[in-house]
Amino acid sequence: MPTIETLHGRLRSQFADRVAHSDSAAGELAFHNGVAVRLWIENHTLHAELDSLQGGPELWLLGPDADDLDDFLDTVDDASNC
């Protein structure tokens with residue numbers, strides 16, 4: 001399972017040209033097109049909320065036996081590229 005810091009860093013570097021604001025301490029990223037990502041740990045599981053203008057917030061659980069990290073990154077790519 002990735003940590004908040006590693007996932008935040010990966011998102012920030014992978015989508016650097018699209019990121020408008022990044023706060024690693026709060027686990028938040030905002031993209032130029034209004035999409036936002038928030039990361040937090042709850043019950044030993046990394047949670048990610050992807051809030052896009054098209055579909056509203058989506059909650060992802062990124063831990064063992066949970067949502068796939070690659071699928072999450074593909075979704076962020078699609079949402080932040082609109």
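Data for the structure
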{"read-out": "Listed residues GLY34, GLY63, GLY55, most fluctuating in the chain (Gaussian network, C-alpha, under 10 Å)", "value": "GLY55"}
{"read-out": "Fully extended contour minus Cα-Cα distance, from ALA16 to GLN54, at 0.36 nm per residue", "value": "11.5 nm"}
{"read-out": "Space enclosed by the convex hull of the alpha-carbon atoms of segment 1-47, per residue, Å³", "value": "62 Å³"}
{"read-out": "CD proxy at 222 nm, helix term only [per DSSP H run n ≥ 4: -39500 (n - 2.57); per residue of the chain; nearest 500]", "value": "-8500 deg cm²/dmol"}
{"read-out": "About the Cα centre, charge dipole magnitude for the chain (Lys/Arg +1, Asp/Glu -1 at Cβ), debye", "value": "340 debye"}
{"read-out": "Choice from ALA20, ALA48, ALA30 with maximal GNM fluctuation in the chain (Cα, 10 Å cutoff)", "value": "ALA20"}
{"read-out": "R0 of 30 Å, Cβ-Cβ distance ASP65-HIS32: FRET efficiency to nearest 0.05", "value": "0.30"}
{"read-out": "Spread of Cα-to-Cα distances over 10 Å intervals beginning at zero, given as percent, for the chain", "value": "19, 59, 21, 1"}
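Where a number appears in this text, it was derived from the coordinates with a stated rule and is not lab data. Just so it is clear, the structure is predicted and the values come from calculations on it, not from any experiment. Counting neighbours? That spans all protein chains shown, and the Cβs are built from the backbone with ideal geometry, glycine included.
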